[in-house]
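The structure appears right after this line, and notes come after that.
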């Protein structure tokens, strides 16, 4: 006797809310999150990220490929497939950067999908925007990214983003919107954050 296939969804018909993901995500552990930790959804990992400037041409090619991918795989309200981004030819960790938390921002631990990221940290401000990343046990930053909010960032946050990009020799890539952010000044960064308001 055959059983009707009622209530089941064909996996080939599932649509994705985001067209691209960073692969791989960092390891997480089972330790309980600390009070005041910054939660991040797994899909949002490194969607707006600082990238070594040596990867500029690589990033331009990836952005062009992603734009084409989005057009080809869009289906009414979502994407039929996911564009997985691999690690850049020059990983952020290769820069050997260490950084202190600016006094204007609140530092906390970071969770991804509800699980703690070893060495994970977030630097947040009142607008809801935050920098986040991961450090090695010796303090070297291996990933550094931005989590947006539904309101524009403050001029202070924009200035910190611009100053970091210019001082560290990195570019800021927004994979959500398929663009390289103009970090030439605090004003240009602030203008970009208003796209998320």
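Below, the figures for the structure above:
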item	result
Which numbered condition residue 162 fails, given (1) at pLDDT below 95; (2) more than 15 Å from the chain's Cα centre (by Cα)	(1)
Answer residue from the stretch 90-115, given it is under 11 Å from residue 141 (Cα atoms) and surrounded by 14 or more Cβ atoms within 10 Å (Cβ to Cβ) and is nearest to the chain's Cα centre (by Cα) among those	92
Single unsatisfied condition, residue 160 versus (1) surrounded by fewer than 20 Cβ atoms within 10 Å (Cβ to Cβ); (2) in contact (Cβ under 8 Å) with a residue 40 or more places away in the chain; (3) out of contact with any strand residue (DSSP E or B) (no Cβ under 7 Å at 6 or more places or on another chain); (4) farther than 16 Å from residue 37 by Cα	(1)
Scope the stretch 70-89; condition over 20 Å from residue 25 (Cβ atoms) and in contact with a strand residue (DSSP E or B) (Cβ under 6 Å, 6 or more places away or on another chain); matching residues	73, 78
Single match in 69, 50 (criterion: out of contact with any helix residue (DSSP H, G or I) (no Cβ under 7 Å at 6 or more places or on another chain) and either more than 12 Å from residue 178 (Cβ to Cβ) or modelled with pLDDT of 95 or more (or both))	69
Scope the stretch 97-139; condition more than 16 Å from residue 23 (Cα to Cα) and in contact with a helix residue (DSSP H, G or I) (Cβ under 7 Å, 6 or more places away or on another chain); matching residues	97, 102, 104, 125, 127, 129
Filter pass, residue 142 being in a loop (DSSP other than H, G, I, E, B) and in contact with a helix residue (DSSP H, G or I) (Cβ under 6 Å, 6 or more places away or on another chain)	no
Subset of the stretch 168-197 (residues that are over 14 Å from the mean Cα position of the chain (by Cα), in a loop (DSSP other than H, G, I, E, B) and more than 13 Å from residue 129 (Cα to Cα))	169, 182, 183, 184, 185
Matching entry among 165, 161, 94, 153 (being touching a helix residue (DSSP H, G or I) at 6+ places or on another chain (Cβ under 7 Å) and part of a helix (DSSP H, G or I))	161
Within the stretch 17-36, considering residues that are more than 17 Å from the chain's Cα centre (by Cα) and touching a residue at least 60 places away in the same chain (Cβ under 8 Å), the one surrounded by the fewest Cβ atoms within 10 Å (Cβ to Cβ)	30
Residue 173 over 19 Å from residue 51 (Cα atoms), surrounded by 14 or more Cβ atoms within 10 Å (Cβ to Cβ) and touching a residue at least 24 places away in the same chain (Cβ under 8 Å)	no
From the options 167, 184, 150, residue that is under 17 Å from residue 101 (Cβ atoms) and surrounded by fewer than 21 Cβ atoms within 10 Å (Cβ to Cβ)	167
Pairs with Cβ under 8 Å, 6+ apart, first in the stretch 61-86 and without any contact (Cβ under 8 Å) to a residue 60 or more places away in the chain and at positive phi, second part of a helix (DSSP H, G or I) and surrounded by 11 or more Cβ atoms within 10 Å (Cβ to Cβ)	none
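The values are calculated or read from the model by the stated rules, or taken from the named source; none is laboratory data. All of these numbers come straight from a predicted model, not from anything done at the bench. In this analysis, Cβ positions are derived from the backbone assuming ideal geometry, glycine residues included, and neighbour counts consider all displayed protein chains.
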